[in-house]
Amino acid sequence: MSDRIVDEEPAAVTHTGPKGVINDWRKFKLESMDQEALPPNKRELLRQMSSPHKPRDSCVGGFNRKMSAQEYELIKEDDEKSLRKYRKQCMQEMHERLSFGPKFEGVYDLDSGEAFLEVIEKEHRLTVVVVHIFKEGVQGCEALNSCMNCLASEYACVKFCRISAAATGAGERFSDDVLPALLVYKAGELLGNFLAVTQHFSEEFFATDVEAFLNEYGLLPEKECGPGADEDEADVE
């Protein structure tokens with residue numbers, strides 16, 4: 001057996017502790033900056049900082065030397081902005097890993113009983129589905145449709161749908177006196193069945209009234225930040 005020692009590049013190690021977080025941050029900072037727009041000395045400094053391994057001897061100064069005041073001034077101006085961006089990316093990745101479910105835009109119109117069953121049975125298991133069953137000309141249906149539009153813009157993770165009573169294929173079950181109706185599902189299970197739901201509201205009602213009603217039964221999740229929210233507000237402190 002040979003005693004010769006082979007000088008090999010150490011294999012990359014993925015850390016999950018504090019060192020791993022620091023290395024991930026360094027790598028993110030390097031990749032997120034416009035390298036071509038940086039002066040050579042700053043570009044080289046960031047390259048050294050982003051490496052989790054000790055550089056080869058050919059690197060001037062070495063990685064373990066102390067950072068000079070000039071070098072510190074070169075990088076600190078970008079740290080705050082880059083750190084905010086890094087935090088936001090981490091939160092998005094965590095959101096996906098925890099499977100909070102998909103997001104939706106607007107109210108979905110269902111045109112048949114089959115479409116009605118499909119949205120209940122095949123939607124993501126964590127998604128709350130709110131279905132408005134309506135009929136044109138029935139008091140309260142038009143106003144409730146407007147409320148659904150408002151709530152859909154504020155609760156992106158809730159799937160709001162509407163379907164006419166005739167399109168359900170069970171119009172005889174949804175006579176005018178039980179409309180408008182709100183049905184709430186999650187993972188295929190009926191959580192709320194509210195017939196003639198407008199009887200719980202005053203003659204003139206708004207989206208906030210419908211929201212409060214659904215929250216009273218614990219049927220709405222936490223409200224998420226809508227599109228256009230300030231990025232700073234979404235950061236984790």
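Got at least one residue in the stretch 182-200 being basic (Lys, Arg) and open to solvent by less than 80 Å² (accessible area, probe 1.4 Å)?
yes
So that you can scan it fast, the table gives a plain yes or no per residue for (1) at pLDDT 95 or above; (2) among the aromatic types (Phe, Trp, Tyr):
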residue	(1), (2)
162	yes, no
168	no, no
206	yes, yes
209	yes, no
212	yes, no
223	no, no
228	no, no
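Within the stretch 136-150, identify whether any single residue is modelled with pLDDT of 95 or more and in contact with a Gly (Cβ under 8 Å, 6 or more places away or on another chain), and answer yes or no.
yes
Which of the residues that make up the stretch 69-124 are modelled with pLDDT under 75, part of a loop (DSSP other than H, G, I, E, B) and open to solvent by 90 Å² or more (accessible area, probe 1.4 Å)?
98, 100 - these are the residues of the stretch 69-124 that are modelled with pLDDT under 75, part of a loop (DSSP other than H, G, I, E, B) and open to solvent by 90 Å² or more (accessible area, probe 1.4 Å).
Residues checked against (1) out of contact with any helix residue (DSSP H, G or I) (no Cβ under 6 Å at 6 or more places or on another chain); (2) assigned to a helix (DSSP H, G or I):
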{"site": "131", "(1), (2)": "yes, no"}
{"site": "144", "(1), (2)": "yes, yes"}
{"site": "160", "(1), (2)": "no, no"}
{"site": "167", "(1), (2)": "yes, yes"}
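Restricting to the stretch 151-173, and then to whatever is touching an Asp or Glu at 6+ places or on another chain (Cβ under 9 Å) and among the charged types (D, E, K, R), can you tell me which residue is surrounded by the most Cβ atoms within 10 Å (Cβ to Cβ)?
Ranking the qualifying residues of the stretch 151-173, first place goes to 159.
The values are calculated or read from the model by the stated rules, or taken from the named source; none is laboratory data. Computed from a predicted model, the values in this text were never measured in an experiment. Quick reminder, even Gly has a Cβ in these numbers, built from the backbone with ideal geometry, and neighbours come from all protein chains shown. To get the accessible areas, we keep the full protein, side chains included, count just its heavy atoms, and leave off ligands, DNA and RNA. Shrake-Rupley method; radii C 1.70, N 1.55, O 1.52, S 1.80 Å.
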